[in-house]
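The values are calculated or read from the model by the stated rules, or taken from the named source; none is laboratory data. Quick caveat, the model's predicted, so the values are computed rather than measured. Glycine gets a Cβ as well: all are built from the backbone with ideal geometry, and neighbour counts include every protein chain shown. Protein only, heavy atoms only, side chains kept; ligands, DNA and RNA dropped before computing areas. Shrake-Rupley method; radii C 1.70, N 1.55, O 1.52, S 1.80 Å.
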Amino acid sequence: MRAAVIGAGLSGLTAAYRLKKAGWDVLVFESEDQVGGRTLTGESGGYRYELGATVAAKSYIPYFELADELGLQLSPTPPIVSTFRDGKPHCLHLDRLVRSALTTKILSWPAKLKCMLIALDVAAASLKGYLDYTDLSKSAPIDNESAADYLRRRVGEEVHTYLGDPLIRTMTMTDADKISKVEFFSGIMNVMKSQAYICEGGQGYMADVLAEHVEVNTGHRVTNVLETESGVQVDGEEFDAAVVAAPLPVAYDICPGYRDLLSPLNQSLQYTECLSVAIGTAAVPDCPAWIVQVSAHDFPEVAQIVLEHNKSPENAPKGHGLFACLWEKDASVQYRDASDEYIYEKTLKSVCKAFPELEGTADFFAVKRWKYAIPWTKIGSYKEIGHFNAAINPAARVQFAGDYMSATGQHTAVKFGTQAANNLLCAGRGADQTSG
């Protein structure tokens, strides 16, 4: 059997790897010049920097199982995060969460007491099965208001500004008023239950290892996937089956025979754009956290600041700092056509706002523009995601494996890449099988 896989991100490469292990002949098509999708690790001047995904949560079970299978080493980040308020980052120690939450100055005492209401709401949603992080389409019953509306209604403006909005921006690069409360609930679940981990060699290393097992045709932008009576044509080349692991708008464009399936979700689910900037400095701030979460109130452009040198000492030369900064979606659109130097200078101002002692020490930068950063899950998006997943025919010759099939992330990529491959393997792929 011969399969085409469109997209060499984690999802597509996972599907290709599974099919190859089962004895299939697999060819992966990738429009970019490198594999990895939105896991992108670069190296320059002693810096190993991330321009895409930065960590994986321990709750990403499919991801960790695949890493173990591939022999990859995963290491925990320091169990410390910080939030910017009143001119500086305030740390929260996740390994002693209750004590740290009681003493931190991120929130006032009245605001801390109100957070108990959030804990009760999240616990209730979890008990009802609405917060399965590997398949958040199950959250449709509570997908009924924005995160900002929920927070302001339930616990007030302070908690919204210094807890909810920074956490939402860390996960989605989008302000809390533009996203479903489901994202906030799932983020709280991750903080409570899961430690962040990094892949030794960078977050892009898993994709590199997977690509060693399959044939990848980079620099090839697929334009047409057509199911026929005998198989699937990909730009006119014959295959027995195909996995489409491209962003939703791309999948919709190149799969005309599946537009009835893809159209409702494609109309309701947009993607955020994102500017990603890495900055190296010849000094290290006195902050043990691996991330600074920031609110739109204090940082209207940069949505998060990751301290890469705290994630791993191998990420920067000794005595140097390294910061990975992701921009908020509206700001990314506003400045998408600006020069790399201009974007770098604006990003550096945000880094120095968090750490004034770094002024004048920057000695490296890199910029990446993501047209399709992550799906923008507005109110009601998870209902459409649930409908889409339920409508997929597991016996079809064309299977889909995308970041739009649950909460986006490396776990979703591995889970649905595996599911797409398993559907093809379990279907038996007889000559009379069609999409239905």
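The protection proxy used here, the mean number of other Cβ atoms lying within 10 Å of each residue, ranks peptides 300-310, 247-257 as follows, highest first: 300-310, 247-257. Report the accessible area of W376, computed with a 1.4 Å probe over the heavy atoms of all protein chains in place, in Å² rounded to the nearest 10. Around 40 Å² of this residue is reachable by solvent.
Within the same chain, lysines fewer than 8 places from K318 are excluded, and of the rest, those with a Cα less than 30 Å from its Cα are K58, K88, K346, K349, K353, K368. Within a straight-line Cα-Cα reach of under 21 Å, K178 can be paired with the following lysines, leaving aside sequence neighbours fewer than 8 residues apart in one chain: K138, K329, K371, K378, K383. Take M116: with every protein chain present and a 1.4 Å probe, its accessible area is about 120 Å². Packing around the peptides 7-16, 418-427, taken as the average count of other Cβ atoms within 10 Å per residue, puts them in this order, highest first: 7-16, 418-427. The C-alpha atoms of the chain define a longest principal axis, and helix 259-268 lies at about 10 degrees to it. Only one item in (i) 30.4, 134; (ii) 21.6, 68; (iii) 21.4, 63 matches Rg and Dmax of the Cα atoms in Å derived from the coordinates shown, and that item is (ii). Between the range 319-351 and the range 92-162, what is the C-alpha centre distance in whole Å? The two parts, judged by their Cα centres, are 29 Å apart. DSSP loop (so not H, G, I, E, B), at most 12 other Cβ within 10 Å: list which trypsin sites (Lys or Arg not before Pro) in the range 87-146 pass both filters. Loop-located and lightly packed - K105, K128.
With contacts taken as Cα pairs under 8 Å at a separation of at least 6 residues, the range 152-283 carries a relative contact order of 13 percent. Remark: relative contact order (the range 329-436) = 22 percent; criterion is Cα-Cα distance under 8 angstrom and separation of 6 or more residues.
Amide H to amide H, with H built 1.01 Å from N, A303 comes under 5 Å of L326, W327, E328, counting only residues 5 or more places away or on other chains. Starting from the Cα of H297, step 7 Å along the direction of its Cβ; do the same at S44; then give the gap between the two resulting points in nm. About 3.6 nm, to one decimal.
For the chain, adding -39500 (n - 2.57) for each run of n ≥ 4 DSSP H residues and dividing by the number of residues yields -10500 deg cm²/dmol at 222 nm. Using only Cα atoms, find the angle between the long axis of helix 340-354 and the longest principal axis of the chain, and express it within 0 to 90 degrees, rounded to the nearest 10. So the helix axis and the longest Cα principal axis differ by about 40 degrees. Cross-link partners for K128 among the aspartates and glutamates, with Cα-Cα distance under 16 Å and sequence neighbours closer than 8 places in the same chain left out: D143.
Think of a 1.4 Å ball rolled over the protein heavy atoms: the chain then has 40 Å² of accessible area per residue. Report the Cα centroid-to-centroid distance between the range 364-390 and the range 163-205 in angstrom, as an integer. Value for the Cα centre distance between the two parts: 13 Å. Counting only protein chain heavy atoms and rolling a 1.4 Å probe, the accessible areas of D121, D95 rank, largest first, as D95, D121.
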